Structures are given as C-alpha cells and as structure tokens.
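The values are calculated or read from the model by the stated rules, or taken from the named source; none is laboratory data. These figures come from a predicted structure and were not determined experimentally. Note that we place each Cβ from the backbone using ideal geometry, even for glycine, and neighbour counts take in every protein chain shown.
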Amino acid sequence: MSLADLTPEGQLARAVAELETQFRGVFGRETIDRFARETFDQLALTFTVKDFLPLFAYRFTRERLQALAQAEGLLAKDRPEVLFVCVHNAGRSQMAAALTQSLSGGRVHVRSAGSTPADEINAQVAQAMAELGVDLGQEFPKPLTDEVVRAADVVVTMGCGDACPLYPGRRYLDWEVADPAGQDLETVRAIREDIRGRVTTLLAELGVGT
C-alpha cells in the first residue's frame, strides 16, 4: 500500500472502487462517487475521532446506496424495512434499531438516523444494551438522509419534531420516549425497557414474532 492510499482522497478512492464492484449494474461510478464524497463530508462534520471516519463513511455510503436502490425499485426487498429517527442517533433510535434487529432475528431490516447526529453513541446506552448481550461497539450516529426515508416501510420518530420528510405509502409512528442523554444507568435501563415493549408490539403488527 502506498502513502497515497493512506490519504483521505486515497481511502475515498478505494471505497468507491469497492462499492462500484458491489453495485455493478445498479449504479454507475459517478453516482457512487458523489454519494461517497457527500457522506464523507457529512460525517466529518460530527466525528471527533477521525481514524474511523473512512470505515464509517464507506459503511454509511453502502447503506445509502442500498436504500436508494430499494426506493427506486432497482433492488427488491426481502423483508420489512423500519427506520428509527431521533435527534442525535446516539440513544433512543440506536436502542430501538438494535432491539428490533435482535428480537426479530434479522427478519426485519433496520436503519437508524438522527436529525442532528452526535459524534458517538451514549456510553450509558451502550452499557444498558450490553447487559442484554447487544454490542453497539460497531455502531455510530448517522445523519438523516432522504433515501433511507424513501426506502422504509415504517418510520418511527422519537423527539425529532418535523425533521423527517413525509412520503406517501409509508407508515409513520411517533413514540414519546424519554431522552437518555445525561441520565444515569438506572434511568436508561427503564428507557430501554419502554422501547423494548414498543418494539415487541411493532414486530407483532408487522407479522414478525419475537
């Protein structure tokens, strides 16, 4: 690997090349490059630890391209799509997404986002989820983008007001869930259990058992 490959531009080029292989026949290089650069710039605004920025930018670009392909009918859906949105994508929406993934056994595809994303996952939230055997160590706050809303069958908002765009044909739910930011672990556990109950109900409504 050359020194050029270690620069942000070099890492971005490698990510685009990898994504071009994954989405061959779906999107051209120009679209992939535009999404990758936009995503890198978006995440760079909030990330304080830049070492992980290229990896997370690659992962989020891949997620955005998949969502766009689904929204435009270029990729078929094989399971329900649920999007959880809160303000910072560091607490409530992360817990809801992780619990949905865990309780559904992967039979629901889950995304989460924040209207004003933080730079990292709430530490108390990560600890509360770890008590259930759910590791949030690989997760990171993501900005809310148009294509992930368009790809969703169900959009669940938690305290983010009118930040989420409305599209016909989607089910919108607003959960009044307390914000774990600044709360002690005991309070965060209670919020976690509130969300778990709501997720269980949602999965039943989607015809997915827990």
>> Take the residues in region 103-115 that are farther than 26 Å from residue 42 by Cα and surrounded by fewer than 21 Cβ atoms within 10 Å (Cβ to Cβ); name whichever of them is nearest to the chain's Cα centre (by Cα).
In response: 106
>> Every residue in region 1-54 that is in a loop (DSSP other than H, G, I, E, B), at pLDDT below 90 and over 20 Å from the mean Cα position of the chain (by Cα), please.
In response: 1, 2, 7
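The rows are residues; the columns are (1) surrounded by 23 or more Cβ atoms within 10 Å (Cβ to Cβ); (2) aromatic (Phe, Trp, Tyr).
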position	(1), (2)
47	no, yes
54	no, no
67	yes, no
95	yes, no
101	no, no
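How about region 113-132: which of its residues are touching a residue at least 12 places away in the same chain (Cβ under 8 Å) and of a type in the set (A, V, I, L, M, F, W, C)?
113, 118, 121, 125, 128, 129, 132 - these are the residues of region 113-132 that are touching a residue at least 12 places away in the same chain (Cβ under 8 Å) and of a type in the set (A, V, I, L, M, F, W, C).
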> Going through region 179-193 one residue at a time, which ones are in a loop (DSSP other than H, G, I, E, B) and either in contact with a Lys or Arg (Cβ under 6 Å, 6 or more places away or on another chain) or free of Cβ contacts under 8 Å to residues at least 40 places away in the same chain (or both)?
Replying inline: 182
>> Just to be sure I understand the filter: pairs with C-beta atoms under 6 Å, separated by 6 or more residues or on different chains, first member in region 38-63 and outside the structural domain of residue 121 (by TED's automatic domain parsing) and in contact (Cβ under 8 Å) with a residue 24 or more places away in the chain, second member buried (at least 18 other Cβ atoms within 10 Å of the Cβ) and charged (D, E, K, R). Which pairs pass?
In response: 60/142
